[in-house]
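FYI, it's all coordinate maths here, none of it is from the lab. Worth saying up front: this structure is predicted, and the values here are computed from it rather than measured. Cβ sites come from the backbone with ideal geometry, for glycine too, and all protein chains shown count toward neighbours.
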Amino acid sequence: MNVDLLTLLIAMLVITLSSTVQGSVGFGANLLAAPVLAFIDTDLVPGPIFLASISLSVATVMRERDHVDVSFVGWAISGRVPGVVAGAVVLSMVSDTSLQMLVGFTILVAIVLSSGVIVIPESRLVFALAGATSGFGATTASIGGPPVALSMQHRSGPQMRSTMATYFLIGAPITLPAMAAAGRLGSAEILTGLALMPASLVGFVLSGPIRPHVDAGRLRPIVLTVSTVSAVALLLRVAL
């Protein structure tokens, strides 16, 4: 792995902007940054940007820790573990293209259902299924945020941000060993990820003035929009 200084500076700018979105909404940093960084230099994904986002999650939890829904996190994590395992198994049997199409269409179906056609009540089963879908998507296509965000779309901004950040933090020890086992998280990737962490924190700071506008009745449409963009981008990446 050899990321030059110019590439690193461009990556820091991309991560700053995407982290500003996640700091405001609660998710979206990696799913917005990954396609751009993969185009610039494939060595930047998935390990380095995943590590960089950990600092953002820590800062978010510290800022709004009083709003964490511990029960939701527990049920979502209980689903994430089998989701990651299933994703790893299927990953070894099915082509990357087929998997990415499956994840993309699954997210779009969830968005359609969430638009009001069918009301999906919050329940432990829904939280666990969201965690399972998230784990599967994160393992197979590096997109794990939208399923969990969709299941929390009717929550307040502070509760969504803090709860999702806690979910990401607890899920990290599940994901990092899988990356290392796949040969995508060595010492070089770790050093690059650490170098990118300040950019995530800058995005976190920039999100501060934006949060009140997001929380003023705009959170749900933003969640649906960001999730739709991520799914469509994933499908376009497969098609192209």
For region 163-173, Karplus couplings with θ = phi - 60° (6.51, -1.76, 1.60), whole Hz, Gly/Pro x: 5, 5, 5, 5, 4, 4, 5, 5, x, 4, x
Environment charge at Thr7 (Cβ cut-off 13 Å; Lys +1, Arg +1, Asp -1, Glu -1): -3
In Hz, Karplus ³J(HN,Hα) per residue of region 20-36 (6.51, -1.76, 1.60; θ = phi - 60°; x = Gly, Pro): 5, 5, 5, x, 8, 9, x, 7, x, 4, 5, 5, 7, 7, 4, x, 5
Residue-by-residue Karplus 3J(HN,Hα) for region 8-13, coefficients 6.51, -1.76, 1.60, Hz, glycine and proline x: 5, 5, 5, 4, 5, 5
Fraction of the pair-distance distribution of region 5-239 above 27 Å, Cα-Cα pairs, percent: 27 percent
Inter-label distance, nm, simple model (7 Å from Cα along the C-beta direction), Leu169/Val229: 2.6 nm
Spacing of the two label points (7 Å from each Cα toward its C-beta) at Ile190 and Val94, in nm: 3.3 nm
Estimated distance in nm for a label pair at Asp4 and Leu176, the labels positioned 7 Å out from Cα along Cα-to-Cβ: 3.1 nm
